[in-house]
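One structure below.
The values are calculated or read from the model by the stated rules, or taken from the named source; none is laboratory data. Computed from a predicted model, the values in this text were never measured in an experiment. As a convention, Cβ positions derive from the backbone with ideal geometry for all residues, glycine included, and neighbour counts pool all protein chains shown. For the accessible areas, the whole protein counts, side chains as well, though only heavy atoms, and no ligand, DNA or RNA atoms are used. Shrake-Rupley method; radii C 1.70, N 1.55, O 1.52, S 1.80 Å.
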Amino acid sequence: MKPPKFEYYKPATLEEALNLLEEAGDDGKIIAGGQSLVPIMNMRLASPKCLIDINGLEELSYIKNEDNTLKIGTLTRQSDVEQSEMVANVCGLLAEAITQIGHVQTRNRGTIGGSIVHADPSAELPLALLTLNGSVQITSKDEVRTVAAEDFFITYLTTDIMPTEVLTEVTIPLMEEKSGYSFQEVARRHGDFALVAAACHMTVDDEGIITAVRLALGGVEAIPLLIGDAEDILTGEQLSDLLMEQVTESVEMESDPESDLHASSEYRMHLAKVLTKRVLTQAYERARG
Amino acid sequence: MTNVIGKSATRVEDKRLLTGQGKYIDDLGTKVSTGHAAILRSSHPHAYIKSIDKEAALKMPGVKGIITGEDIRGLVKPFSVGVMAPVEYYPLAIDKVRYVGEPMAIIVAKDRYAAEDALEKIKVVYEALPPLVGIERALEEDAPILHENVGSNIANHREFNYGDVDKAFEEADRIVKHKFNFPKYTATPVETYGVVAEYDPAHDQYTVQANFHGPFVIHSIMAQALQIPSNKLRIIVPKDIGGSYGIKAGIFPYIVLCGLASKLIGCPVKWIEDRQEHLSSSASGTDRVTYIEAAVENSGKVTGLRMKMIDNVGAYIRAPEPASLYRNHANSTGAYDIQNLHIDAYAIMTNKSPTGLIRGYGGQELYFPLERIMQEVAKELNMDHADVIRKNLVKEAQFPYKTASGGTYDSGNYEESFELALATGKYEEFRKKQEEARKNGKILGVGLACIVEPSGSNMGYITVALTPEERAGSLPKSGASEAATVSMDPLGSVNVRISTTPSGQGHETVAAQIVSEVLGLPREQINVVAELDTSTSAWSIASGSYSSRFASLGSSAIYYAAHKVRAKLFKIAADQLNVKEADLELEKGSIFVKNNPDKKFSVKRAAGLAHWHPTSLPDGMEPGIYETYYYTADVAQAPNEQDMINSSVTYGFVADMVTVEIDPDTAEVKIIDYFTVHDAGKLLNPLIVDGQIMGGLAHGLGGALYEELAYDKNGQFLTGSFMDYLCPTAPEIPNVTIKHTESPSPLTPLGAKGLGEGNTMSAPVAVANAVSDALAHLDIMIDDLPLSPTRIWKLMGEAKEKVTTP
Amino acid sequence: MGKHEIEVTINGKVYQEEVEPRMLLSDFVRDVCGLTGTHVGCEHGVCGACTINVNGSAVRSCLMFAIQADGQQVQTVEGLTSNHELTDLQKNFIECHGLQCGFCTAGILMSTEDYLEKNPNPSSKEIKEMLSGHLCRCTGYDGIVKAIEKTIEERNQSVLS
Ligand SMILES: Cc1cc2nc3c(=O)[nH]c(=O)nc-3n(C[C@@H](O)[C@H](O)[C@H](O)COP(=O)(O)OP(=O)(O)OC[C@H]3O[C@@H](n4cnc5c(N)ncnc54)[C@H](O)[C@@H]3O)c2cc1C
Ligand code: FES
Ligand code: FES
């Protein structure tokens, strides 16, 4: 298991990186934490001709809270986000999700942006980003554009990013006062990719009426799946078994999980429903405080 | 005496291993001329090889040579194996491939990177054949045949009848029966296989370093395959092996392959297996289908057993298979007094990777149906499972207990150990808790298992694969030999050379403990050499590390070799002090007269005399101090005409109780507590003992819940990485309580038995019984492993359907 | 593209070598620098045997290219001890029988030291979660967890006194 040959560049600035990407075209590939890319290179399932290492771009590693928006530079290590008190205080869902990505040692190297661009359908970060209504900033030589998470994931391991572009920043609008969240997954072992993961974020008024809610699932489709109906069903209501039942019906309508060695399609569907109820319940409880 | 045997001494191996100074196969330096190998492997489960085009690959930079199956045709004989079926197994596929991952060519280049670059350029044309995956499908008339010259997929078939089985079944109040499936799984040592082979044309000599740990009978098999005198094949085993659990015995085809490549290409060849290769094509346990039937009295007493066992040895039966079927032959009835036994044993071949030794070898496959059926008996009779076990356990007064199939359980008190397990786990209390929990919608269960753990394999057992008539035609085999050498140099320092090729079990430590005690010298002064060299070490066919044989056999050889040295020292001292040897005693490096301790002679001086001043030695004594002892156990006899065989030397006992909780929504199994009681005779080093038990248990839990080498119905391999082959990690290991009872073996000088495999054998079924107990209200049958949530959820769903739609 | 010259500081010693960009850091450490205490067990990031410390973080050396370590500070198991004196953690691995074959051990030591530096007081559950990034097939993890717990206890005591 040794990687194939490639050319290696380590740009010192973003501009240099963008130039290199432009030059390399389809042959170019960014390496960030390498925790997804290098295993598949070692297995020779990927053989990029030209590797552009963005680990030298210190300027892309930061965590900021600006105008009630959490901004995280793409190169920020997952463990830095995990250890950030600020993130724990202002964005509990993200903090909780991140501890479930792989292991301490892979989080020490793996980056925020790398996980989102890799876009594994059961990965935690894409799911968290979608649930939190986040977006990504994408930079190329010609422009900087912002894409909402909802539009970013296209299909299995594929996103709206061109070979000449760099994901530079992840932004997440921050929670309001009376809000609650939940992130739960079922995995075979600690640290494994989830069989199914679910995340929910909601706000509730003083009477316990849900004023806003976002529910999303991982592992049930080729991309993380936002259950749009949840908003229609739950907004303006108090959470009840009956309504949760309705939400799970939508979940069933909208997901089409695959079967693999570790879980049948039917079991994944079942988990999707179970986890939906669990995250709704927990988020609601937390929101009510 | 210094009294160090039986103490929790820390290990002499540890310091080097903790500081990165271990010497594993990949750490040994190689010559500059060494080529590094990559192996081209089949992507088809079953196909004819139409052509292999290596032209483009040979032109790649750094490539030294490429050898295909065609190139070795005629140069090697098929590896011999202890069955009559004429299976032709070579180190590279010739004409046909029979499993995904089968080696087809070896590429040798300046480094592994270049070798893999070249590998990608080789073009293979296959002609696909229908794959054979299912065990029972292999026996069907129209099944694809793997080996045309065998004529069927059966590599071995034997039937055994002990006692009066028919009568037991006729007279039984009930017959409880079921079919159980045990999956194919492996042990994945963190260090993979590694070989460095060098062929020396001047002497026609192969010198191979490999992390191979025996059984060294395989040395003969390799030499025969290479068609060379066996002293032309020198195998050197490094001091450190990064785990094996039996799996590394399967390295031997690669030893031959790298040897041949070295000869044909003309440079030393180094191959370090990668993890994908390891998972697809190293070795594994067998998957087995067992049809088990128990003849039962209404009292719960089981009077007879019938087992039809169909073991899948993969694409090629290779040594030591079909041993998986017979390793537990003597203890086929487990911990129970059942004298009527019928066994119908098959080893069949399918398009999966070949199998071999693995921790627990054959035990988990045997005890899964046996211990499951005991619980089913309880269910059937509306009895408590514990009571059914009690009713059937071999009683203390019955020891040494003769089993139906020819075994002799040397010692034990099964009832006491079992009761200790129940008391430790608070069985009755848990039953109440379980009831309470059920009212709150929680699903708890408790599983029990009692197993007999054989250790120290009798080399004769494998020959029960042949009929008595077939056996008569070949050399009889018996014994369980092991050798050790203890020597003292001119300054009185002690070297111990062992042939048990440890892979983490702490043999150096225990050997030092034993010799220290026998020679009355501090343990720190004893140097133990664990490297084995077939050209210079004392070894025999049984040598090596497998079947938990160190505690019973390896330790005995060391003990007796040390005693030979001790006897010689006593002779010298007696001569010098002018007293009788019987009057002497040894303590703290000094030999003294018992009733006159001032009259003494130091061990160091006695040893010194043997080197510096040999003419002073007693008449007829050889100079030097260098004693080798070959130990075997008399009880390891060849099988008799009636196929009675005592397949192991000693038999320990394990009683487990495990409690689980099942999430009613997600069907995930959580182990609450695991209690295990072991009777392994005398414990040589309790610290090491509990480590062995924990390791064996973790592997057993892996088998119960996570691990499977899975293939799809087309024979494609599904678990080629550690992302899919799931080994338990720290968070998956539950609370474990270990307790010991000690019934010393009367057969070995130290009274010790093996114990590293017991829980690998027991945990899969103990957990299965717990899950089955937890789901008793749904009347669910657990007959398959691993107990993944997807599997349990499916069973729960089907059961609920049954309940709601009568 | 041919070889690149890199300069990596490992255990305080500077290694100036020419490497192909694709050479894995694990291979560099072992085969080029001769520091064979770091082991390789899977080359896809799961087993943890190859874990070393790069610039103050325990990471998989099989998932980095040597060239990425150019100019960086690396510590391997060989760098844990000074003057052959074992660390408290290493001693506790001996005491608690935290190793058998020892193949997984170097990686676990490197992870643990880094982890404890950042989290001096983890719970048992957190220790086990940290260990989930390592496979050990010998010990069942029991001795490893005990050795780490003992080390934490002792370090806390020495802080108190
Ligand atoms: C043992 C193990 C367990 C794991 N378990 C999980 C898990 O449970 N959940 C989970 O989500 N992940 C898991 N992962 C993967 C996770 O660790 C990776 O960190 C993540 O998927 C990729 O991040 P990275 O920074 O390592 O990206 P890399 O591997 O460097 O890159 C991944 C992809 O993203 C591209 N890329 C990276 N950064 C950018 C950028 N800024 N702009 C454009 N493209 C970019 C790369 O070109 C590449 O295609 C696991 C990995 C391992 C080794
Ligand atoms: S070798 Fe790097 S994690 Fe296994
Ligand atoms: S000690 Fe052998 S793998 Fe951990």
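Ordered by residue, what ³J(HN,Hα) values in Hz, to whole numbers, does region B:395-407 give under the Karplus form 6.51 cos²θ - 1.76 cosθ + 1.60, where θ = phi - 60° and Gly and Pro are x?
Running phi through 6.51 cos²θ - 1.76 cosθ + 1.60 with θ = phi - 60° gives 8, 3, 5, 7, 7, x, 9, 8, 7, 4, 9, x, x Hz.
Leaving ligands, DNA and RNA out of it, rank B:His563, B:His777, B:His342 by accessible area with a 1.4 Å probe, largest first. Numbers along the way, then the final one.
On the way: B:His563 55, B:His777 95, B:His342 35 Å².
Of B:His563, B:His777, B:His342, the descending order of accessible area is B:His777, B:His563, B:His342.
Set the Förster distance to 45 Å, then compute FRET efficiency between B:Gln525 and B:Ser474 from the Cβ-Cβ distance, nearest 0.05. The partial results should precede the final answer.
Values: r = 47 Å, r/R0 = 1.04.
So the FRET efficiency works out to roughly 0.45.
Per residue of region B:600-613, in order, report the coupling 6.51 cos²θ - 1.76 cosθ + 1.60 (Karplus, θ = phi - 60°) as ³J(HN,Hα) in whole Hz, putting x for Gly and Pro.
Once θ is set to phi - 60°, the couplings for region B:600-613 become 8, 8, 6, 4, 4, 5, 4, 5, x, 4, 5, 9, 7, 9 Hz.
Using θ = phi - 60° and the Karplus curve 6.51 cos²θ - 1.76 cosθ + 1.60, what whole-Hz ³J(HN,Hα) does each residue of region B:514-531 get, with Gly and Pro shown as x?
Listing the rounded values in order: 5, 5, 4, 5, 5, 9, x, 10, x, 4, 5, 8, 9, 9, 10, 9, 9, 4 Hz.
Can you tell me the convex hull volume per residue for region A:179-288, based on C-alpha atoms, in Å³ to the nearest whole number?
Dividing the Cα hull volume of region A:179-288 by its residue count gives 84 Å³.
What is the ratio of the Cα radius of gyration of chain B to 2.2 N^0.38 Å, where N is its residue count, to two decimals? List each step's numbers first, then the result.
Details: Rg = 27.4 Å, N = 806, 2.2 N^0.38 = 28.0 Å.
Ratio of Cα Rg to 2.2 N^0.38 Å: 0.98.
Can you give me the orientation-averaged projected area of the convex hull built on the Cα atoms of region C:44-98, in nm²?
Values: hull surface 19.2 nm².
Result: a mean projected hull area of 4.8 nm².
Springs between alpha-carbon atoms under 10 Å, Gaussian network over chain A: tell me which of A:Leu195, A:Leu93, A:Leu243 tops the mean-square fluctuations.
Ranking A:Leu195, A:Leu93, A:Leu243 by mean-square fluctuation puts A:Leu243 first.
If you average the alpha carbon positions of region C:93-142 and of region B:370-442, how far apart do those two centres end up, in angstrom?
The two parts, judged by their Cα centres, are 36 Å apart.
For B:Lys96, which aspartates and glutamates qualify as cross-link partners when the Cα separation must be under 16 Å and same-chain residues fewer than eight apart are set aside?
Hits, sequence-local ones excluded: B:Asp53, B:Glu70, B:Asp71, B:Glu88, B:Glu127, B:Glu148.
Can you give me the solvent accessible area of B:Glu148 with a 1.4 Å probe, rounded to the nearest 10 Å²?
Result for B:Glu148: roughly 100 Å² accessible.
What translational D, rounded to a whole number of µm²/s, comes out for region C:88-160 from Stokes-Einstein when the hydrodynamic radius is the Kirkwood one over Cα pairs, at 10 °C and 1.306 mPa s?
Numbers: Rh = 12.1 Å.
This corresponds to a translational diffusion coefficient of 131 µm²/s.
With a 1.4 Å probe and every protein chain left in place, work out the accessible area per residue of the protein assembly as shown in Å², rounded to a whole number.
Solvent-accessible surface per residue comes out at 35 Å².
May I ask you to derive the FRET efficiency for B:Asp387 and B:Lys426 from their Cβ-Cβ distance with R0 = 22 Å, giving the value to the nearest 0.05? Intermediate values should be presented prior to the final figure.
Working: r = 17 Å, r/R0 = 0.77.
For B:Asp387 and B:Lys426, the calculated efficiency is 0.80.
Quote the total accessible area buried by chains C and B together, excluding ligands, DNA and RNA, probe 1.4 Å, nearest 100 Å². Mind showing how you got there, number by number?
Values: alone 8680 and 29750 Å², together 34580 Å².
In total, this chain pair buries about 3800 Å².
Taking each residue in A:32-42, count the Cβ atoms of any other chain within 10 Å of its Cβ, then average. What number comes out?
5
Going down the list B:Lys59/B:Lys232; C:Lys91/C:Lys118; C:Lys128/C:Lys150, which pairs span over 24 Å between their C-alpha atoms? Kindly include the intermediate steps, with their values, before the conclusion.
On the way: B:Lys59/B:Lys232 33 Å; C:Lys91/C:Lys118 21 Å; C:Lys128/C:Lys150 14 Å.
Long pairs (Cα-Cα over 24 Å): B:Lys59/B:Lys232.
Based on C-alpha coordinates, I'd like the Rg and Dmax of region B:587-657, in Å.
22.6, 64
For region A:7-53, count all C-alpha to C-alpha pairs, find those more than 12 Å apart, and express that count as a whole percent of the total. Each step should come with its number before you reach the end.
Details: 642 of 1081 pairs.
The share of Cα pairs beyond 12 Å in region A:7-53 comes to 59 percent.
Please report the antiparallel percentage of the DSSP beta bridges confined to the protein assembly as shown, to the nearest 5. Intermediate values should be presented prior to the final figure.
On the way: 163 of 198 bridges.
Rounded to the nearest five, the antiparallel share is 80 percent.
How much of the accessible area of the protein assembly as shown, probe 1.4 Å, is carbon plus sulfur, in whole percent?
Numbers: 20960 of 43590 Å².
Answer for the protein assembly as shown is 48 percent, counting heavy atoms of protein chains only.
With N set to the residue count of region B:70-228, report its C-alpha Rg divided by 2.2 N^0.38 Å to two decimal places.
Working: Rg = 21.9 Å, N = 159, 2.2 N^0.38 = 15.1 Å.
Ratio of Rg to 2.2 N^0.38 Å for region B:70-228: 1.45.
Can you give the accessible area of A:Ser61 in Å² (nearest 10), computed on protein heavy atoms with a 1.4 Å probe?
50 Å²
If I take every Cα pair under 8 Å that is 6 or more residues apart in region B:348-479, average their sequence separation and divide by the length, what percent do I get for the relative contact order? Don't jump to the answer; show the numbers that get you there.
Values: 67 pairs, mean separation 18.5, N = 132.
Relative contact order of region B:348-479: 14 percent.
Partner chain Cβ atoms within 10 Å, averaged over the residues of C:108-116 - can you pull that number for me?
Working: counts 1, 3, 1, 4, 0, 0, 3, 3, 0.
Counting other chains' Cβ atoms within 10 Å and averaging over C:108-116 gives 2.
Rg and Dmax of region A:58-173, using alpha carbons, in Å: what are they?
Both quantities, over Cα of region A:58-173: 13.0, 37 Å.
Taking the Cα centre of chain B as origin, sum charge times position over the Cβ atoms of Lys and Arg (+1) and Asp and Glu (-1), and report the length of that vector in debye to the nearest 20.
Working: 79 positive and 100 negative charges, 381 e Å.
Computed about the Cα centre, the dipole is about 1840 debye.
Restricting to DSSP H runs of at least four residues, report the calculated mean residue ellipticity at 222 nm for chain B, -39500 (n - 2.57) per run over all residues, nearest 500 deg cm²/dmol. Before the final figure, lay out the partial values.
Values: 20 runs with 219 residues, N = 806.
Roughly -8000 deg cm²/dmol at 222 nm, from the helical runs in chain B.
Going by amide H atoms built from the backbone, whose H comes under 5 Å of the H on B:Gly6, apart from near neighbours?
Amide H neighbours of B:Gly6, under 5 Å, 5+ apart: B:Asn685.
If the chain between B:Ser33 and B:Glu396 were fully stretched, how many nm would it gain, using 0.36 nm times the residue separation less the Cα-Cα distance? Numbers along the way, then the final one.
Numbers: separation 363, 0.36 × 363 = 130.68 nm, distance 6.32 nm.
Between B:Ser33 and B:Glu396, full extension yields an extra 124.4 nm.
Using the Cα atoms of the protein assembly as shown to build a convex hull, what is its mean projected area in square nanometres? Walk me through the numbers before you get to the answer.
Working: hull surface 208.0 nm².
If I average the Cα hull's projected area over directions, I get 52.0 nm².
For A:Ala212, what residues show an amide H to amide H distance below 5 Å, using hydrogens built from the backbone and excluding near sequence neighbours?
Placed amide hydrogens put A:Thr203 under 5 Å from A:Ala212.
In what order, largest first, do A:Arg214, A:Arg286, C:Arg22 sit by accessible area if the probe radius is 1.4 Å? Before the final figure, lay out each step's value.
On the way: A:Arg214 40, A:Arg286 85, C:Arg22 5 Å².
Putting A:Arg214, A:Arg286, C:Arg22 in descending order of accessible area: A:Arg286, A:Arg214, C:Arg22.
Which residue, B:Pro789, C:Ser82, B:Val446, has the largest displacement toward the positive end of the dipole of the protein assembly as shown when charges sit on each Cβ (Lys, Arg +1; Asp, Glu -1)?
C:Ser82
Hey, could you pull the Cα Rg and Dmax for region B:577-707, both in Å?
Cα-based Rg and Dmax for region B:577-707 come out at 26.9, 84 Å.
Sequence gap at least 6, Cα distance under 8 Å: using those rules, report the relative contact order of chain A to the nearest whole percent.
Details: 646 pairs, mean separation 45.1, N = 289.
16 percent.
Using only alpha carbon pairs under 8 Å that are at least six residues apart, calculate the relative contact order of region C:1-152 and give it in whole percent.
On the way: 269 pairs, mean separation 37.8, N = 152.
25 percent.
Under a point-charge model restricted to the Cβ atoms of Lys and Arg (+1) and Asp and Glu (-1), what is the dipole moment magnitude of region C:67-161 relative to its Cα centre, in debye to the nearest 20? Write out the running numbers ahead of the final one.
On the way: 8 positive and 14 negative charges, 57 e Å.
Roughly 280 debye for region C:67-161.
Could you give the nm distance between label points at B:Met781 and B:Arg174, where each point is 7 Å from its Cα heading toward the beta carbon?
Each label point is offset 7 Å from its Cα along the Cβ direction, giving 1.5 nm.
Among A:Glu237, A:Glu96, A:Glu185, which one shows the biggest mean-square fluctuation in a GNM of chain A, springs joining Cα atoms closer than 10 Å?
The residue with the greatest mean-square fluctuation here is A:Glu237.
Rounded to a whole number, what is D in µm²/s for region B:233-342 from Stokes-Einstein with the Kirkwood radius over alpha-carbon pairs (20 °C, 1.002 mPa s)? It would help to have the intermediate numbers written out before the result.
Details: Rh = 17.8 Å.
Calculated translational D: 120 µm²/s.
Determine one quarter of the surface area of the Cα convex hull of region B:366-454, which equals its mean projected area, and express it in nm² to one decimal. Write down the numbers at each step before the final one.
Details: hull surface 27.3 nm².
Its average projected convex-hull area is 6.8 nm².
Apply 1/(1 + (r/R0)^6) to the Cβ-Cβ distance of B:Ser8 and C:Ser158, taking R0 = 25 Å, and write down the FRET efficiency to the nearest 0.05. Intermediate values should be presented prior to the final figure.
Details: r = 25 Å, r/R0 = 1.01.
Between B:Ser8 and C:Ser158 the formula returns 0.50.
What is the distance, in nm, between label points placed 7 Å from the Cα along the Cα-to-Cβ direction at B:Glu159 and at B:Ser535?
Each label point lies 7 Å from its Cα, and together they span 5.2 nm.
Describe numerically, in nm with one decimal, the distance between label points set 7 Å from Cα along Cα→Cβ at B:Asn149 and at A:Ala88.
Modelled inter-label distance: 6.9 nm.
Rank-order C:105-115, B:284-294 by packing density, defined as the average count of other C-beta atoms within 10 Å over each peptide's residues, highest first.
The densest-packed peptide leads the list: C:105-115, B:284-294.
Using the Kirkwood radius over C-alpha pairs as Rh, can you work out the diffusion coefficient of region C:4-79 via Stokes-Einstein at 20 °C, viscosity 1.002 mPa s, in µm² per second?
The diffusion coefficient I find is 181 µm²/s.
Among the lysines, which fall within straight-line cross-link reach of B:Lys753, defined as a Cα-Cα distance under 21 Å, with same-chain neighbours fewer than 8 residues apart omitted?
B:Lys7, B:Lys395, B:Lys402, B:Lys682, B:Lys739
Set the bar at 18 Å for Cα to Cα. Now go through B:Lys31/C:Lys13; B:Lys64/B:Lys263; B:Lys64/B:Lys110 and name every pair that lies beyond it. If you can, show how the numbers build up before the last one.
On the way: B:Lys31/C:Lys13 26 Å; B:Lys64/B:Lys263 12 Å; B:Lys64/B:Lys110 7 Å.
Exceeds cut-off: B:Lys31/C:Lys13.
Given springs between every Cα pair under 10 Å in a Gaussian network model of chain C, which of C:Gly12, C:Gly45, C:Gly133 has the largest fluctuation?
Between C:Gly12, C:Gly45, C:Gly133, it is C:Gly12 that shows the largest mean-square fluctuation.
What's the tally of Lys pairs in region B:483-613 whose alpha-carbon atoms lie under 12 angstrom apart, where the two lysines are 8 or more places apart or on different chains?
Summing the qualifying lysine pairs gives 4.
What are the residues whose amide H is under 5 Å from the amide H of B:Asp111, where those residues sit 5 or more places off or on another chain and H is modelled from the backbone?
B:His36
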